[in-house]
Structures are given as structure tokens and as C-alpha cells.
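Remarks on the structure that follows.
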Amino acid sequence: MMQNIKNYILVLAYMLVIFYLSSIPLNFPEMINTIDPTKFSFHVAEYSVLGFLLFNATRNILFSVSISSIYGLGDEVHQYFVPFRSFSIFDLIADVIGSCLGVVFFLISRDLISKKLII
């Protein structure tokens, strides 16, 4: 029970980190509403971690991907109000992809760890 609470606290802490980072105005406004592979990769990585942590806490694939993706949507709406930031559908797509990948990474790593322990 205590471990499960720690997992949820870790999820909430990571969500706060995402919120904080997305609250920082960009110093390069030319990046607003562009499709940049680096920015896309960052969003995928960022939400992969969130999907991974959520699945670790809930063990529910649909719930983990849904909450992580909805949080990504909320984050994009939030960025609309931050100077030199904007709502980007491409970032939201990257967030959803990352959310799914995070769950997949968890399942793969769990299987690899369990197979290693059996051998």
C-alpha cells in the first residue's frame, strides 16, 4: 500500500515538473507553431516518462494513456497563455505517442526483468 502511494506521489511530482517547464516563456519565438524534430522528440520523451510512471502506479493501460494524454492536452492549453508559447497540435500528437510508448516501455522492461530473474 505504501509503495502504491509513493508511485502516485512520483506521478504528481513529475506532472508538476512538466507544468513548471511549460510555464517558462521561450526565448526563441520563431519556434512557435513549427514542426521541429528536436521539440517533437522532447515531447515524446517527456510523456513517455509520464506514461511509464502512470502505468507503474495504476497497472491500467487505457487509464494511463488517457490521463497522460489528457494532461498533455491541458498542458498545451496552458501554454496558449504563456508568453512566446502556443497550443500546438503537433506537440499534442507527440504527447500521445509518448504516453503510449511509456506504457510499452514499462511492459517490455517488466518482461525482460522477469525473464532475467527466471534464468
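Before moving on, here are some points about what is shown:
- Qualifying residues in the stretch 79-93 (those that are surrounded by fewer than 15 Cβ atoms within 10 Å (Cβ to Cβ) and farther than 15 Å from Asp36 by Cβ) - the one modelled with the lowest pLDDT: Pro83
- Boolean, Val103 is on the phi < 0 side of the Ramachandran plot and over 10 Å from the mean Cα position of the chain (by Cα): yes
- Some residue of the stretch 57-78 being exposed (fewer than 13 other Cβ atoms within 10 Å of the Cβ), over 30 Å from Met2 (Cα atoms) and out of contact with any Asp or Glu (no Cβ under 6 Å at 6 or more places or on another chain): yes
- Filter result for Asp111 (among the acidic types (Asp, Glu), touching a helix residue (DSSP H, G or I) at 6+ places or on another chain (Cβ under 9 Å) and either in a helix (DSSP H, G or I) or in contact (Cβ under 8 Å) with a residue 24 or more places away in the chain (or both)): no
- Considering the stretch 106-119, the residues that are farther than 24 Å from Val11 by Cβ and hydrophobic (A, V, I, L, M, F, W, C) include one that is nearest to the chain's Cα centre (by Cα), namely Leu117.
The values are calculated or read from the model by the stated rules, or taken from the named source; none is laboratory data. What you see is a predicted model, and the numbers here were worked out from it, not measured in a lab. For neighbour counting, all protein chains shown are included, and Cβ atoms are generated from backbone atoms with ideal geometry for every residue, glycine included.
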